[in-house]
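For reference, the structure is listed below as structure tokens.
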Amino acid sequence: MKTSSGQEINLIPPLKDISIIQKFNGMVFDYKTLIGTISHNGIDLMAKRGCPVYAAHDGNITWAGKDGDGGISVQIIASPVSLSFYTLYYHLLEVKVEAGQKVKAGQLIGLADNSGRVTSGDHLHFGLKETLNGETINKDNGWRGAIDPYPFFPKDFDKPHCYHRYGKPRNWYAEFCVRFAPIYIKNQWSETGRFVHKELKKLGWEPPIPSGNMVNAIIYGAWDWKHIMNPLMEWQWLYTTKEEWQKGKVPFFQIV
């Protein structure tokens, strides 16, 4: 993806589990008063305290530590010369890198938290700015030069893991059977699909039309309907397989 200046930028997600809780240009706070920008100058990603944060691209660490507001952050510049860019990772618990260090995309750089003055709960603030010979350009754009990083991530990067079938190859026949299999087709997938209709009708409820995420959770995550229909389990099956859940994995928090 290219910026308005013609620069090609490609980022990878800085967290293993992705859910955007505030977009660029959002208005949770009075940003003009608090930090001097017209609105939110990055994207906020859900993360629990201690969640590992990773470099979104190759580059050099230009900052790693605590600022004047008590916020702990890391900055990574892709290149200090010519037209380039840097990314910001803010509200950290601690850093795992130091200024001057070279890092690769996907390398651990810190742990998420809620540090800093302008914040409202554990999360990762991710920012992006273009630079020219190491200096931020377009400083008068209202966001101190920040631009929306969303378009520079892979397509659908912010969708839950079940949307991506937990990284497993697609099984079109299984998906058809869960959703549409006629009564004469009898296999584990068709019986799974018919089960929810029979069970809910016993309770006097109108069965839902299974969403794509629900179908994926059944087929690729090995989840069953009792968990999928439980609202308290939704975040779990959206982001983990049943096996991962049974082993203790918690979305948005992975032990380093």
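Things to note:
- Among all residues of the range 12-26, there is none that is farther than 17 Å from TYR150 by Cβ, of a type outside the set (D, E, K, R) and surrounded by 15 or more Cβ atoms within 10 Å (Cβ to Cβ).
- In the range 48-86, residue surrounded by the most Cβ atoms within 10 Å (Cβ to Cβ) [restricted to those that are hydroxyl-bearing (Ser, Thr, Tyr) and not in a strand (DSSP E or B)]: SER79
- Flag for LYS48 being closer than 28 Å to LYS249 by Cα and of a type in the set (D, E, K, R): yes
- Qualifying residues in the range 75-93 (those that are touching a residue at least 24 places away in the same chain (Cβ under 8 Å) and of a type in the set (S, T, N, Q)) - the one nearest to THR131 (Cα to Cα): SER84
- Residue ID - modelled with the lowest pLDDT, chosen from residues in the range 113-133 that are of a type in the set (Gly, Ala, Ser) and out of contact with any His (no Cβ under 9 Å at 6 or more places or on another chain): SER120
- Pairs where the first residue, in the range 145-173, is exposed (fewer than 13 other Cβ atoms within 10 Å of the Cβ) and the second is not in a loop (DSSP other than H, G, I, E, B), C-beta under 6 Å, 6+ apart: none
- Counting the residues of the range 1-47 that are part of a loop (DSSP other than H, G, I, E, B) and at pLDDT below 95 gives 22.
- Residue match in the range 20-31 (condition: more than 21 Å from the chain's Cα centre (by Cα), outside the structural domain of TRP237 (by TED's automatic domain parsing) and not acidic (Asp, Glu)): yes
- Residues of the range 1-30 satisfying the condition of being of a type in the set (Phe, Trp, Tyr) and closer than 15 Å to GLY127 by Cα: PHE24
- Qualifying residue in the range 91-104 (condition: of a type in the set (A, V, I, L, M) and assigned to a loop (DSSP other than H, G, I, E, B)): yes
- Pick from the range 150-179, criterion in a helix (DSSP H, G or I) and hydrophobic (A, V, I, L, M, F, W, C), ranking: nearest to PRO210 (Cα to Cα): VAL178
- For the residues ILE9, ILE38, the requirement of being farther than 30 Å from LYS249 by Cα, in contact with a helix residue (DSSP H, G or I) (Cβ under 9 Å, 6 or more places away or on another chain), in contact (Cβ under 8 Å) with a residue 24 or more places away in the chain and crowded, with 16+ Cβ neighbours inside 10 Å singles out ILE9.
- Where LYS2 falls short, out of the listed (1) free of Cβ contacts under 8 Å to residues at least 12 places away in the same chain; (2) closer than 18 Å to SER115 by Cβ: (2)
The values are calculated or read from the model by the stated rules, or taken from the named source; none is laboratory data. Only a predicted model underlies this, so the values are computations on that prediction, with no experimental measurement involved. Don't worry about glycine lacking a Cβ; one is built from the backbone with ideal geometry, like all the others, and counts go over all protein chains shown.
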